[in-house]
Amino acid sequence: MTGPVVLAVESSCDETGIALVEGGERVHANVVASQVALHAATGGIVPELAARAHLRWIVPVLEQAWQDAGMGWDDVDGVAVTYGPGLAGSLLVGINFAKTLAFVRRKPLVGVNHLEGHVYAAWLSSIAGGNGHGGNGPDRNGAANGQRPEFPLVTLIVSGGHTFLASMPDHLTYRLLGQTVDDAAGEAFDKVGRLLGLGYPGGPAIMRAAASATRSDVVFPRAWLPGTYDFSFSGLKTAARRIVAAARAEEGLPADDVDAPLPPARVAELAYGFQDSVVDVLVTKTIRAAEDTGARSIVLGGGVAANAVLRDRLAGEAEARGIPCLVPPPSLCTDNGAMIGAAGARRLAAGERAGMDLDARPSLPLATR
Ligand code: KG4
Ligand code: ZN
């Protein structure tokens, strides 16, 4: 072992994740039980169902993590857990689980901000195999290539609940540059996915549909919010509604009938136009922020960072300016325990400890301007 081993618990949203991470960088196990199938029936997350599913899966997920890592309590130096932002009921399951483990096993406990976890996924490499969540693969995983983010850096975190652009002068220090003034980027993907009849979650479905587009002439609007690093995606959603309605009328389809979907070629073209708009704004603003702040690296994270077009465009534009761009493999972009272990290790090393009064903070902020 080259550093302390952290057992990390993530349950803020709809994935139950438990990981064993060494030195904040090496993933020994990263088990995620996804609730996607559970929530697909309703087209979105039902908080009460999410909390119950965490409760159902958290012990089997821990058992699988021990098995994958070939480790036991003697190997563990601390316990990290997401305490916000997220769904209150879901957070409470993870927090109480982690508190109990830390208390019974006499290990230090630390609370981690979920968004900070998404940032610190960029430091993870993987020596775990087997379960497909370890983060192996040919992706731009900086640490796996021996490359770590360098400070000062600019980080863009894009998830289902957050769109967050910040500068980091050093570890665990954030200055908020911009955020969404309405919908999060992932939320826009999910809502437009539903409009296009693509089901839940919309992000991966839109990415797949867009990849098969043969035409790219439908242009969606971009909300630039000049003079700020803020984002807005609600106008895009309204435009998507209008564009989908026009396409349906053109195809002679009734306005609202899930049993009469648009032809796949039309869906692909619209998915392409929508994705292009979101990616264009995210990349342009992130690059501008990096240039304005003299960033020595860019870190991309959050579920939407699993999007291949966003990853490639940001990395390409950053590279063209000589700025290294670090993007974790897709399995470490969507919610997982390893990212909480990466951030938790830094916080534990900085001497932070949470007490048995650690509570859920559904609206916990990461940074202020
Ligand atoms: O970070 P995450 O797993 O959970 C939150 O903290 O919210 O992000 C989930 C979001 C969902 O909105 C989902 O549609 C989006 O990430 N997402 C994607 C892709 N994969 C997941 N969006 C675009 N393209 C993808 N490939
Ligand atoms: Zn997340």
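The values are calculated or read from the model by the stated rules, or taken from the named source; none is laboratory data. What you see is a predicted model; the values in this text were computed from it and never measured. Glycine gets a Cβ as well: all are built from the backbone with ideal geometry, and neighbour counts include every protein chain shown. Ligands, DNA and RNA are stripped out before the accessible areas are found, and what is left, the full protein with its side chains, is counted by its heavy atoms. Shrake-Rupley method; radii C 1.70, N 1.55, O 1.52, S 1.80 Å.
For the chain, just say rounded, prolate or oblate: build the C-alpha gyration tensor, square-root its eigenvalues into a ≥ b ≥ c, call rounded for a/c under 1.5, and beyond that prolate if a/b exceeds b/c, oblate if not. Note, shape of the chain comes out prolate. Taking a span of 20 Å or more along the helix axis (Cα atoms) and a mean Kyte-Doolittle hydropathy of at least -1.0 as the rule, the DSSP H helices of the chain that qualify are 47-69, 88-105, 234-250, 264-293. Once C-alpha pairs closer than 8 Å and six or more residues apart are averaged by separation and normalised to the residue number of region 192-350, the relative contact order reads 22 percent.
Between ARG241 and LEU176, full extension at 0.36 nm per residue minus the direct alpha carbon distance yields a gain of 20.3 nm. Across SER90, SER297, SER11, mean-square fluctuation computed from a Gaussian network of the chain (C-alpha pairs under 10 Å connected) peaks at SER297. Return the FRET efficiency for the residue pair ALA260, ASP312: r is the Cβ-Cβ distance, R0 is 35 Å, and the value is rounded to the nearest 0.05. Calculated value: 0.50. Using DSSP to define loop residues, name the trypsin sites (Lys or Arg not before Pro) in region 172-275 whose beta-carbon has at most 14 other beta-carbon atoms within 10 Å. Here the sparse-neighbourhood loop sites are ARG215. Spin-label model, ASP77/TRP224: points 7 Å from Cα along the beta carbon direction are separated by 4.9 nm. Comparing mean-square fluctuations of ALA295, ALA318, ALA239 from a GNM of the chain with C-alpha springs under 10 Å, the top value falls on ALA239. Count charges around ARG222 for me, please; just the other residues with Cβ under 15 Å from its Cβ, Lys/Arg as +1, Asp/Glu as -1. Charge balance near ARG222 sits at -1.
Going highest first, how would you order 16-23, 269-276 by mean Cβ packing within 10 Å?
Descending packing order for the listed peptides: 16-23, 269-276.
For the set PHE103, PHE164, solvent exposure ranked by accessible area (probe 1.4 Å, protein chains only) runs largest to smallest as PHE103, PHE164.
For region 261-365, the gyration tensor built on C-alpha atoms gives an oblate shape. Its axis ratio a/c (a ≥ b ≥ c) is at least 1.5, and a/b is not larger than b/c. Kindly identify region 17-89 as rounded, prolate or oblate by the Cα gyration tensor criterion: order the square roots of the eigenvalues as a ≥ b ≥ c, call it rounded if a/c is under 1.5, otherwise compare a/b with b/c, prolate if a/b is larger, else oblate. Because a/c hits 1.5 or more and a/b exceeds b/c, region 17-89 counts as prolate.
Summary value for region 278-344: 35 percent relative contact order, contacts being C-alpha pairs under 8 angstrom separated by 6+ residues. For the residues TRP123, TRP73, a 1.4 Å probe over the protein chains yields an accessible-area ranking, largest first, of TRP73, TRP123.
Of interest is the spacing of the C-alpha centroids, which for region 7-79 and region 256-309 amounts to 28 Å.
Entry note, the chain: relative contact order of 26 percent, from Cα contacts under 8 Å with a spacing of 6+ residues. Highest mobility in the GNM of the chain, judged by mean-square fluctuation with C-alpha springs under 10 Å and restricted to VAL218, VAL112, VAL309, is found for VAL218.
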